[in-house]
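Below is one structure; the comments refer to it alone.
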Amino acid sequence: MYNINITLESLLETHHLPFVLIDKNLKVIAVNRAWENQFDISRKQQIGQPCCIESGNCRHQHLCDTLEPYSSLISSNKTHSDTIRVRGYPLLDSDGQIYIGESIFPVASIKANLDSGMIGSSLTFLALKNRLLQSAQTQMPILLTGETGTGKELASKFIHENSKNAGGKFVIMDCTLLGENLFESELFGYEKGAFTGAKAQKKGLFELADNGTLFLDEIGELPLAQQSKLLRALENGQFRRVGGTSQLTAKVRMICATHKNLANMVSEGTFREDLFYRLSVFPIELPPLRERKQDLSILCAHLIEQFGEINDCLYSISKQAMNKVSHHQWPGNIRELKNCLHLAINLCSHHQIEEQDICIIQRRDVVNAGHFSKSQ
């Protein structure tokens, strides 16, 4: 607990950010002018109100019980359209009473292209974002898991941009595109004359990511024979270019992603156990879109706006079309949603997406009939 003496009057207006004081009965006792301006609510209206509108898991109650400060992202219940970052901590007033002080950091409108394009307001999404922010503050290797199309590359970029490595490069390597012959030269580079066609020295992706972040997508596709070479580089940051003799060093933040079950691959002998434990120090599972359906309307609006910017046109979606979108389970997740809306944009008339423009691929038909069909 912050063991400081304060008076309410001296504390409130020293904060240029919105700030609220809450007593042990979980009632608002004071807000500052920045808070009034942020939420367009007078302090007279707010004083005496409960700390949270929704009952249940109250962060203020938890702080009162444990005296543990918190920092998290929440969906604002004042504007219903903004995500805000809150930071709370216990305060000791001059009369010896304990209060909760909460600073509020407006992030921005959810509809804007925020945080590397990560969009949402559901509790599931906000919990994911908090987890990503936590991981960004460490230098641990991170393993992103989840179904195909859930946005693992987007999440890795979000981690990079919120980390101490943000000033360095964000380098992507897709392990599905590299066989055993290409992996080592692409990752570690090569010297001139190392092999036929090596007419000049080339830096590898590991070296290019020095003081930055290297994102290895679909790490489960990495050939077993190459896994030991990656492990050695991760252990001490040292490597050699193909055909070279000099030992080089790079300080690289490693993020890996896969839709496969690496633990099962370890049991099957197709993935090294030591590499698995080295990569999965900070595991994060990205939820499928069907578990965050509250975000569908926001995601659709964002994607349609993006397509409109590309085509220099303003598009909209009808209530009936949105209803059809909401009833689909989206097994291909955000990638499937994006492709569906892209097609709808090209099918619609008068820049308005209607129900008949939403063409949904039924994946079971791939297995049962050997072709795709559209659900109208």
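All of the numbers you see were taken from the coordinates with simple rules; none came from a lab. Everything quoted here is computed from the prediction, not taken from an experiment. For neighbour counting, all protein chains shown are included, and Cβ atoms are generated from backbone atoms with ideal geometry for every residue, glycine included.
Odds and ends about this structure:
- Hypothetical label at Glu354: residues of the stretch 297-322 whose amide nitrogen lies under 15 Å (7 Å Cα-Cβ projection): 316-322
- Between Glu273 and Lys164, the distance separating the two model label sites (each 7 Å from Cα on the Cα→Cβ line) works out to 3.3 nm.
- Computed from the alpha carbon positions, the gyration tensor of the stretch 115-285 leads to an equivalent ellipsoid with semi-axes of 28, 19, 14 Å, biggest first.
- Efficiency of FRET between Cys52 and Gln238 - r from beta-carbon atoms, R0 51 angstrom, step 0.05: 0.50
- Among 316-324, 181-189, the peptide with the highest mean count of other Cβ atoms within 10 Å heads the list, and the full ranking is 181-189, 316-324.
- Nitroxide proxy distance, nm - points 7 Å out along Cα→Cβ at Phe105 and Leu314: 3.5 nm
- Pairwise FRET efficiency - Ala194 versus Leu231, Cβ, R0 = 22 Å, nearest 0.05: 0.50
- Net charge of neighbours whose Cβ lies under 10 Å from the Cβ of Ile100, counting Lys and Arg as +1 and Asp and Glu as -1: 0
- Paramagnetic reach from Leu123 (point 7 Å along Cα→Cβ, amide N under 18 Å) across the stretch 274-310: 287-296
- Which listed pairs, of Lys169/Lys293; Lys152/Lys199; Lys157/Lys229; Lys202/Lys338, have C-alpha distances above 32 Å, in listed order: Lys169/Lys293; Lys152/Lys199; Lys202/Lys338
- Annotation: extensible slack from Gln137 through Arg87 equals 16.4 nm (criterion: 0.36 nm per residue apart, minus Cα-Cα distance).
- Point-to-point label distance, Leu224-Gln61, nm (Cα→Cβ direction, 7 Å offset): 5.2 nm
- Neighbour-count ranking [beta-carbon atoms within 10 angstrom, fewest first] of Ser228, Ser246, Ser280: Ser246, Ser228, Ser280
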